[in-house]
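Inspection log for the structure reproduced underneath, given as structure tokens.
Every number in this text was worked out from the coordinates using simple rules, so none of it is lab data. Bear in mind that the values here come from a model prediction, so they are computed numbers and not experimental data. Heads up, the Cβs are rebuilt from the backbone with ideal geometry, glycines too, and the neighbour counts pull from every protein chain shown.
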Amino acid sequence: MGTLKRGMSAGLKTTWTLSKVIFPITLIVVILQHTPVLPWIIQFIEPFMGLIGLRGEAAIPLVLGNALNLYAGIAGILSLELTVKEVFILATMLSFSHNIFIETGVALKVGVKLWIVLVVRFGLAIVSAVVINLVWQGGGEVAKYGVVTATQNIPDGWFEIILLGLQKATFGVLQLALIVIPLMVIIQFLKDRNYLQKFSDKLAPFTKVIGVQPNASMTLVAGLVIGLAYGAGVMIQAVQEDGVSKKDATLAFIFLVACHAVVEDTLIFVPLGIPILPLLLIRLITAFVLTIIVAYIWRKSEQKRTKEVFTT
């Protein structure tokens, strides 16, 4: 009973922390979606689209996916007639950079610096698009979408727009609670039975490869399985209770930026008629390579500062 109580308490506390980010941002973005603001942003981005192998109107799913979530981005893709290559580029970009406001908000709650979040997410999205555009010569055929519905009633007037925003924001918080609270109970059970320590020991070689301490292993697993927004709940608790350093939290976040919610975020692209195995491999390889490089540079920088301290 003590385990359940502590787990529920941690889950409610984490839900409250994250809901203070998720609710207002979701509400604001939904309202902006029905004002001239998002169309203006799309119009501003259009001239740059050719540089990454996309036509101007492809800015629509990019803006929707980053402002809202992957499902909104996919809805934008479904509204356009694009080639397989264009859809693959969009899918890869949105895999790295989506739901930017909420996921950046929860990253800041963990203690990851804003510039790191933005540089890594947008940098990976842009670089991946440029590389795919230059390397892949195929995919010129028109993409054939599977059975996916993206219909939504258009709200009429400010009252309905605000009501829709409140509904989506509330649903987002409820969805968060349904995932985070049971997850925290499970983690508390694993902690109380010492399973978490054993699990961390098993993952030690894996975490060592990417330069992260073993006590951050549950953070990585949660993010890989359920995503950044929900995995952040585990990450916040780990930073507060398990002694996960800001460095390890940042490295774990960098890894998870490139590769999180690998099952869901990969499978939802299946109906778009693109090759999903290369998409998954791109995310996994990028996550490992980027985190290893950042950890190496960080370690060398620390060694240099330590050496300077001893020599002065």
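Checked against a 24 Å cut-off, the cross-linked pairs K113/K191; K113/K198; K191/K246; K20/K191; K5/K247; K109/K307 give Cα-Cα distances beyond that limit for K113/K191; K113/K198; K20/K191; K5/K247; K109/K307. Remark: relative contact order (segment 44-194) = 21 percent; criterion is Cα-Cα distance under 8 angstrom and separation of 6 or more residues. Ranking S95, L114, V131 by how far each Cα lies toward the positive end of the dipole of segment 71-154 (charges on Cβ) leaves L114 at the top. Using DSSP to call loops (not H, G, I, E or B), can you name the GluC sites (Glu not before Pro) in segment 92-182 whose Cβ has at most 11 other Cβ atoms within 10 angstrom? Within segment 92-182, the qualifying GluC sites (Glu not before Pro) (loop, at most 11 other Cβ atoms within 10 Å) are E141. Expressed as an acute angle from 0 to 90° and rounded to the nearest 10, what is the orientation of the C-alpha long axis of helix 217-226 relative to the principal long axis of the chain? The helix 217-226 is inclined about 20 degrees to the chain.
3J(HN,Hα) couplings calculated from phi for segment 18-34 with the Karplus curve 6.51 cos²θ - 1.76 cosθ + 1.60 (θ = phi - 60°) are, in sequence order, 6, 5, 5, 8, 5, 4, x, 5, 4, 4, 5, 5, 4, 5, 4, 4, 10 Hz; Gly and Pro show x. Residues whose amide H falls under 5 Å from that of T83, counting only those 5 or more places apart or on a different chain, are A143, with hydrogens built in the peptide plane.
Using only Cα atoms and rounding to the nearest 10 degrees, what angle (0 to 90) does helix 114-135 make with the longest principal axis of the chain? Between helix and principal axis, roughly 50 degrees. Between 0 and 90 degrees, rounded to the nearest ten: what's the tilt of helix 276-311 against the longest Cα principal axis of the chain? For 276-311 against the chain, the angle is about 40 degrees. Label separation (K5 vs R193): 2.1 nm, computed from points 7 Å beyond Cα along the C-beta direction. Working note: Karplus 6.51/-1.76/1.60 with θ = phi - 60° gives segment 90-98 the couplings 4, 4, 5, 4, 5, 5, 7, 9, 8 Hz, where Gly and Pro are set to x. What spacing in nm lies between the two simple spin-label points modelled at E241 and Q175, each 7 Å away from Cα in the Cβ direction? For the pair E241/Q175, the computed spacing is 2.6 nm. Longest stretch of the chain clear of exposed loop sites (trypsin sites (Lys or Arg not before Pro), DSSP loop, at most 16 other Cβ atoms within 10 Å, sites excluded): 194-312.
By its C-alpha gyration tensor, with a ≥ b ≥ c as the square roots of the eigenvalues, how is segment 179-312 shaped: rounded for a/c under 1.5, else prolate for a/b larger than b/c, else oblate?
Oblate shape, in that a/c is at least 1.5 and b/c is the bigger or equal ratio.
The alpha carbon centroids of segment 17-56 and segment 75-108 are separated by 11 Å.
Maximal additional length on extending the K208-V289 stretch stands at 27.8 nm, based on 0.36 nm per residue less the C-alpha distance. Sorting the Cα pairs of the chain by distance into bins of 20 Å, from 0 upward, gives 31, 55, 14, 0 percent per bin. Remark: the I186-L166 segment gains 4.2 nm on full extension, using 0.36 nm per residue and subtracting the alpha carbon distance.
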